[in-house]
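The values are calculated or read from the model by the stated rules, or taken from the named source; none is laboratory data. Model, not experiment: these values are computed from the prediction. Heads up, the Cβs are rebuilt from the backbone with ideal geometry, glycines too, and the neighbour counts pull from every protein chain shown.
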Amino acid sequence: MSRLDPLAYLGDQINEFRVKGTYQRLRELHGPCEPISHFDGKEVINLASNNYLGLANHPKLKEAAIEAIRQYGAGTGAVRTISGTLDIHMELERRIAAFKHVEACVVFQSGFTANAGAVSAILGKDDHIISDALNHASIIDGCRLSRAKIHVFPHADVAGAEAKLAALDGVPGRKLLITDGVFSMDGDIGPLPALVELAEKYDAIMMIDDAHSSGVLGRNGRGTVDHFGLHGRVDIQVGTLSKAIGVLGGYVCGTKDFIDYLCHRARPFLFSTSHPPAVTAACLAAFDILEAEPERIETLWANTRYFKEELAKLGFDTGRSQTPITPIMVGEAAEAHAFSNALFDEGLFATGIGFPTVPEGKARIRTIVTATHTREQLDRALEILARVAKRQGILTATPRP
Ligand SMILES: *Cc1c(COP(=O)(O)O)cnc(C)c1O
């Protein structure tokens with residue numbers, strides 16, 4: 001007996017992506033993530049990674065990882081709550097808590113599981129979440145998993161957030177006000193001081209996802225809470241070890257009881273195996289570098305300012321970015337992907353991003369400069385961007401003198 005493939009409808013969807021020009025093949029990285037990397041066998045300037053500080057291929061992280069493999073092996077053999085908690089897992093959590101000036105910290109397998117696991121663990125169906133419209137997918141999934149009622153306010157709109165909170169005044173249930181610290185597709189910083197005041201005024205739990213701020217903003221990269229001087233006023237801080245820290249993982253910071261609770265109820269912590277020793281040891285080495293070499297962060301910001309100024313002079317629309325994440329707005333997804341592909345052919349890798357990652361009509365390429373890009377590499381990138389954008393009709397404005 002034969003039957004039709006019950007998954008055939010997915011092939012139809014894929015064909016639709018191809019027709020729309022949004023089908024994406026994965027580019028293969030041959031070798032390490034560096035300012036100049038080899039993707040698909042071609043040498044390109046890499047403006048497509050989150051490796052802000054150049055730690056992903058740093059000799060000290062690699063040495064720490066190799067040494068941990070020699071000492072502990074390749075894997076841990078269990079989830080954290082059974083027998084998969086290593087002494088270095090605990091050391092990393094103490095280290096992050098001290099770094100962030102909080103009582104306690106728990107590390108998850110990724111930033112994604114940190115957000116999804118924390119939000120879904122602490123709220124239930126009678127509770128309320130007040131959430132920025134552009135919050136990361138992992139926050140949205142955590143909110144959905146919690147079964148709390150979700151109230152979305154327009155992006156970065158403090159008055160909009162207040163209207164949602166005011167409407168809930170006196171309504172039973174707990175309230176969680178949640179925002180990204182830095183928004184991953186636009187590179188803008190959330191209005192955190194004003195949101196923290198709202199959380200205090202309306203007695204809501206305040207949560208910030210600092211994935212793109214960890215290692216980038218605040219003293220030694222302590223994040224947005226440090227950047228804005230909001231210590232002690234943010235109940236839940238999430239960070240990632242996968243971006244500027246250069247390795248893999250996510251963490252949640254807060255009070256001792258809150259973190260203890262997550263260790264008993266956050267599902268990714270209970271039901272998914274812990275980080276291998278190499279990952280944890282490399283993360284520890286990364287925090288050594290953050291504390292010892294703050295000049296890396298200064299170089300990251302100097303490169304960021306230079307790149308943004310030059311893009312503006314060329315007439316590019318970079319949206320509302322305030323951080324090393326600099327989008328170049330294009331419009332339609334197919335155009336953004338075509339632009340990205342043409343740049344790649346000329347030796348520059350910057351990812352095209354379209355719906356559903358960003359709203360329809362807001363497609364862009366996303367660039368991220370790092371501390372390890374040289375001026376010469378950035379100048380070469382700018383030259384390629386200008387040349388290809390003119391050819392593709394993306395850059396029509398006359399450059400500023
Ligand atoms: C990347 C990102 C995450 C997920 O972090 P991973 O460690 O890569 O899973 C969460 N939140 C935001 C805002 C992000 O940009």
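Do we have Val196 as closer than 22 Å to Gly142 by Cβ and crowded, with 22+ Cβ neighbours inside 10 Å here? For Val196, the condition - closer than 22 Å to Gly142 by Cβ and crowded, with 22+ Cβ neighbours inside 10 Å - is not met. Take the conditions away from the ligand (no atom under 16 Å from the Cβ) and either small (Gly, Ala, Ser) or outside the structural domain of His373 (by TED's automatic domain parsing) (or both) and apply them to Asn46. Does it pass? No: the conditions fail for Asn46.
Counting only residues that are of a type outside the set (A, V, I, L, M), assigned by TED's automatic domain parsing to the domain that holds Lys149 and within 20 Å of the chain's Cα centre (by Cα), give me the helices (runs of 4 or more DSSP H) lying completely in the stretch 174-269 with at least 1 of them. Lay out the reasoning, then the answer.
Numbers: elements: 192-201, 224-227, 256-265.
Ranges flagged: 224-227.
Out of curiosity, is Thr273 touching a residue at least 40 places away in the same chain (Cβ under 8 Å), surrounded by fewer than 17 Cβ atoms within 10 Å (Cβ to Cβ) and among the hydroxyl-bearing types (Ser, Thr, Tyr)? Steps first, please.
Numbers: touching a residue at least 40 places away in the same chain (Cβ under 8 Å): yes; surrounded by fewer than 17 Cβ atoms within 10 Å (Cβ to Cβ): yes; among the hydroxyl-bearing types (Ser, Thr, Tyr): yes.
It is true that Thr273 is touching a residue at least 40 places away in the same chain (Cβ under 8 Å), surrounded by fewer than 17 Cβ atoms within 10 Å (Cβ to Cβ) and among the hydroxyl-bearing types (Ser, Thr, Tyr).
Looking only at residues of the stretch 118-143 that are under 16 Å from the mean Cα position of the chain (by Cα) and assigned to a helix (DSSP H, G or I), we find that the one that is nearest to the ligand (Cβ to nearest atom) is Ser138. Within the stretch 132-154, residues that are aromatic (Phe, Trp, Tyr) sit with their Cβ atoms under 6 Å from residues that are assigned to a helix (DSSP H, G or I) and away from the ligand (no atom under 16 Å from the Cβ), at 6+ positions apart or across chains, in these pairs: Phe153/Gly160; Phe153/Ala161; Phe153/Lys164.
Phe153 meets the stated requirement of being closer than 27 Å to Ile325 by Cβ, in contact with a Gly (Cβ under 8 Å, 6 or more places away or on another chain), more than 11 Å from the ligand (Cβ to nearest atom) and aromatic (Phe, Trp, Tyr).
Check whether at least one residue in the stretch 79-93 is touching a Pro at 6+ places or on another chain (Cβ under 7 Å) and part of a loop (DSSP other than H, G, I, E, B), and report yes or no. Write out each step before concluding.
As a first pass, look at the stretch 79-93 and keep what is touching a Pro at 6+ places or on another chain (Cβ under 7 Å): 86, 88.
Now narrow it down to the ones that are part of a loop (DSSP other than H, G, I, E, B): 86.
Yes - at least one qualifying residue is present in the stretch 79-93.
Of all the listed residues (Glu93, Glu63, Glu67), the sole one being in contact with a strand residue (DSSP E or B) (Cβ under 8 Å, 6 or more places away or on another chain), assigned by TED's automatic domain parsing to the domain that holds Thr224, in contact (Cβ under 8 Å) with a residue 60 or more places away in the chain and among the acidic types (Asp, Glu) is Glu93.
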